[in-house]
Amino acid sequence: MASYFCTWSVQNYLYGCGDPAFRAEEAEGPTGAMHARANMNGQNLFGPDGWARRFHPAARSGLYFLLDDGWDVPDPVDSGWFGSLIPNAQRFPGCPDAPWERLAWLNSQAKSAGWRGLGLWVAAQEAPALCGENALDEAGQEQYWAERMTWSERAGVEYWKIDWGARAQDLAFRRRLTQWARRYAPHLTLEHAICQGPVNDEFAGGAGGRLRGELAAREAELLMDADVVRTYDILQPLSAAQTMERAGALLSAMEGRAPRERALINCEDECYLAAALGLCAGVMRHPLRGLRCGGDMDLAFPPTADDAKLRMDEVARMVNWQKIMPPFGAAAEPVRLDGRLLRDSWRFSRGETWMSSLIGEEVAQCAPARISRGMELPQVSGAEDPPFVAASRHGSCAAVAMLPRTQLRRHMPLADIELRLPRGVRRIAVFGDCRSLRIGGLDGSRAEARDLLGGEILPVPVSGGSLSLSGEQVRAIGLSRATRGDRSAPGLIITISGG
């Protein structure tokens, strides 16, 4: 698996906590990013009540603990050090002297807290403080990155998230990085991205924003040689629509291509979509709430924008399913996209986005109503304005997810969902709420189900080659091991035998 928990969201949140003079606009734009970097230190990360020891205890074994932007630069920030990959001694007092030993020390801290290991945010550039202002030629680049990849290999660090930087849009450079990693650090997975704004803006103001076609084409070109490509930053209240659109566009652009090795897609924090479509996740949600003296938007009830901080169980259910059906290659199964588009929208208030230009604006985004991989599109009925639905089949496993809508408020339309499984499927995961669920293609089979968090295994009747569950049954089974107070949607696994 190549999913991880990323520290960026909590880095941003901690700014202003305990400060009665905090103003939400201070957390916007470049100013907010500078404050977020200031929160990257050993105490916040690995202290007794640090993020690594506090967040996602039930999911850690399946996630890397990824240090985002700011871990390898001084505090206050000296931009000349971005891309150094040298843990800063001020931020991490007590760490060893040699760079690879510092990385090994951080990796041991992550593993001792139960995470799969350490992941690193990496600027797409060589650090000017170490190389001077003149760009290195290709031989110089290889020497620079080979040294850092060797550090990672020796330290047991297995994941890099390569983001913005002077070379961020240079696809040839990104391809060289991947090639060098395979030579100098064979256990290292490199994630790449096409850096882009958080709004899918094609046809904006008309049917709603869609991803520009050339972006998906560039992502597909990059994914031909990459281990992982991330669909990049989105606006949290519109996460389902934006991520459905970006994932669908990239999967469609990969049709007919033959990428090397894994070619995985990371769809950030849309966990149930990742689980249902065989994608990786970059989890950013965390449970910290109510710490800003100026008030937290996420304390509003009912939730105004997004209640991800109250949906931690979804992360553990996704991880447990990915241990059974790991993310699979972007071209491994044929993809189908619904021709029907669903339009979501949100009007942003101060404190709901880092993007100042969106404050007070209503943003509309569109995406296909359904996406499937390796199977027919699920049938969705009984709801005039339905949920987003995603499904996949890979090997002997299949999954389906129903995702919420955001139309100036976040809500979950309940629909009747029907899917027919190809032969040979033995385990099915179901994520999200519905009015009813019907699964066909089970002739002569028996079935049993349980919450993906564990618990009692219950028989599920199969009649006439189909399995049927009401929405109430989906919730009863898929939330039977829910954490008290958690608002996650259900997630269950159905095991098929016989037939």
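The values are calculated or read from the model by the stated rules, or taken from the named source; none is laboratory data. Small disclaimer: the values here were computed from a predicted structure and weren't measured. Here the Cβ positions follow ideal geometry from the backbone for every residue, glycine too, while neighbour counts run over all protein chains shown. Accessible surface areas use protein heavy atoms only, side chains included; no ligands, DNA or RNA. Shrake-Rupley method; radii C 1.70, N 1.55, O 1.52, S 1.80 Å.
Across region 178-223, what is the total count of residues that are at positive phi and modelled with pLDDT of 95 or more? Don't jump to the end; show me each part of the working.
Filtering region 178-223 for residues at positive phi gives 203, 205, 208.
So of that shortlist, the ones also modelled with pLDDT of 95 or more come out as none.
Qualifying residue count for the region: 0.
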Q.
Restricting to region 480-499, and then to whatever is within 20 Å of His286 (Cα to Cα), assigned to a loop (DSSP other than H, G, I, E, B) and not basic (Lys, Arg), can you tell me which residue is most open to solvent (accessible area, probe 1.4 Å)?
A. Thr483
Q: Determine which single condition Ala367 fails, assuming it passes every other condition in (1) modelled with pLDDT under 95; (2) among the aliphatic types (A, V, I, L, M); (3) in a strand (DSSP E or B).
A: (1)
Q: Please verify whether region 75-97 includes one or more residues that are part of a strand (DSSP E or B) and either under 24 Å from Arg183 (Cα atoms) or open to solvent by 40 Å² or more (accessible area, probe 1.4 Å) (or both).
A: no
Q: Quick one: Glu255 ticks every box in (1) under 26 Å from Leu120 (Cα atoms); (2) surrounded by fewer than 22 Cβ atoms within 10 Å (Cβ to Cβ) except a single one, so which number is it?
A: (1)
**Q.** Tally, over region 16-27, of residues that are out of contact with any Leu (no Cβ under 9 Å at 6 or more places or on another chain) and either open to solvent by less than 40 Å² (accessible area, probe 1.4 Å) or outside any loop (DSSP other than H, G, I, E, B) (or both)
**A.** 5
Q: Of the numbered conditions (1) assigned to a loop (DSSP other than H, G, I, E, B); (2) touching an Asp or Glu at 6+ places or on another chain (Cβ under 9 Å); (3) open to solvent by 10 Å² or more (accessible area, probe 1.4 Å); (4) within 16 Å of Ile494 (Cβ to Cβ), Met375 fails exactly one; give the number of that condition.
A: (3)
Q: Within region 335-354, count every residue that is in contact with a Pro (Cβ under 8 Å, 6 or more places away or on another chain) and open to solvent by 50 Å² or more (accessible area, probe 1.4 Å).
A: 4
Q | Unmet criterion (only one of (1) part of a helix (DSSP H, G or I); (2) at pLDDT 95 or above; (3) open to solvent by less than 40 Å² (accessible area, probe 1.4 Å)) for Trp121 | A | (1)
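Tell me, please, whether a residue that is without any contact (Cβ under 8 Å) to a residue 12 or more places away in the chain, in a helix (DSSP H, G or I) and open to solvent by less than 60 Å² (accessible area, probe 1.4 Å) can be found in region 158-175. Walk me through how you get there before you give the answer.
Quick first cut of region 158-175, residues without any contact (Cβ under 8 Å) to a residue 12 or more places away in the chain only: 172.
Remaining after also requiring in a helix (DSSP H, G or I): 172.
So of that shortlist, the ones also open to solvent by less than 60 Å² (accessible area, probe 1.4 Å) come out as 172.
Within region 158-175, one or more residues are without any contact (Cβ under 8 Å) to a residue 12 or more places away in the chain, in a helix (DSSP H, G or I) and open to solvent by less than 60 Å² (accessible area, probe 1.4 Å).
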**Q.** Pair list, Cβ < 8 Å and 6+ apart or interchain, from region 373-390 residues that are of a type in the set (Val, Ile, Thr) to residues that are assigned to a loop (DSSP other than H, G, I, E, B) and at pLDDT below 95
**A.** none
Q.
Of all residues being closer than 19 Å to Gly432 by Cα and small (Gly, Ala, Ser) in region 458-476, which is least open to solvent (accessible area, probe 1.4 Å)? Just the residue, please.
A. Gly471
Q) Hey, Glu147 hits all of (1) touching a Leu at 6+ places or on another chain (Cβ under 8 Å); (2) modelled with pLDDT of 95 or more but one; which does it fall short on? A) (1)
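A quick yes/no check of all residues on (1) touching a Ser or Thr at 6+ places or on another chain (Cβ under 6 Å); (2) within 18 Å of Ala476 (Cβ to Cβ); (3) not in a loop (DSSP other than H, G, I, E, B):
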site: Glu352; (1), (2), (3): no, no, no
site: Ile371; (1), (2), (3): no, no, yes
site: Leu442; (1), (2), (3): no, no, no
site: Ala447; (1), (2), (3): no, yes, yes
(Q) If I filter region 330-350 down to residues being over 25 Å from Glu191 (Cα atoms), assigned to a loop (DSSP other than H, G, I, E, B) and of a type outside the set (Asp, Glu), which single residue comes out as modelled with the lowest pLDDT? (A) Arg350
Q. Which one of these does Ala181 not meet: (1) open to solvent by 10 Å² or more (accessible area, probe 1.4 Å); (2) assigned to a helix (DSSP H, G or I); (3) in contact with a helix residue (DSSP H, G or I) (Cβ under 8 Å, 6 or more places away or on another chain)?
A. (1)
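Against the condition in contact (Cβ under 8 Å) with a residue 60 or more places away in the chain and among the charged types (D, E, K, R), how does Arg446 come out, does it pass? Please lay out each step first, then the result.
Details: in contact (Cβ under 8 Å) with a residue 60 or more places away in the chain: no; among the charged types (D, E, K, R): yes.
No, not satisfied.
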Q: Kindly indicate whether any position in region 35-56 is part of a helix (DSSP H, G or I), touching a Cys at 6+ places or on another chain (Cβ under 9 Å) and open to solvent by less than 40 Å² (accessible area, probe 1.4 Å).
A: yes
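Look through region 436-457, keep the residues that are among the charged types (D, E, K, R) and surrounded by fewer than 17 Cβ atoms within 10 Å (Cβ to Cβ), and return whichever of them is nearest to Leu469 (Cα to Cα).
Of region 436-457, the ones among the charged types (D, E, K, R) are 438, 443, 446, 448, 450-451, 456.
Next cut, surrounded by fewer than 17 Cβ atoms within 10 Å (Cβ to Cβ) only: 438, 443, 446, 448, 456.
Values: Arg438: 7, Asp443: 17, Arg446: 14, Glu448: 12, Glu456: 17 Å.
Residue satisfying both the conditions and the ranking: Arg438.
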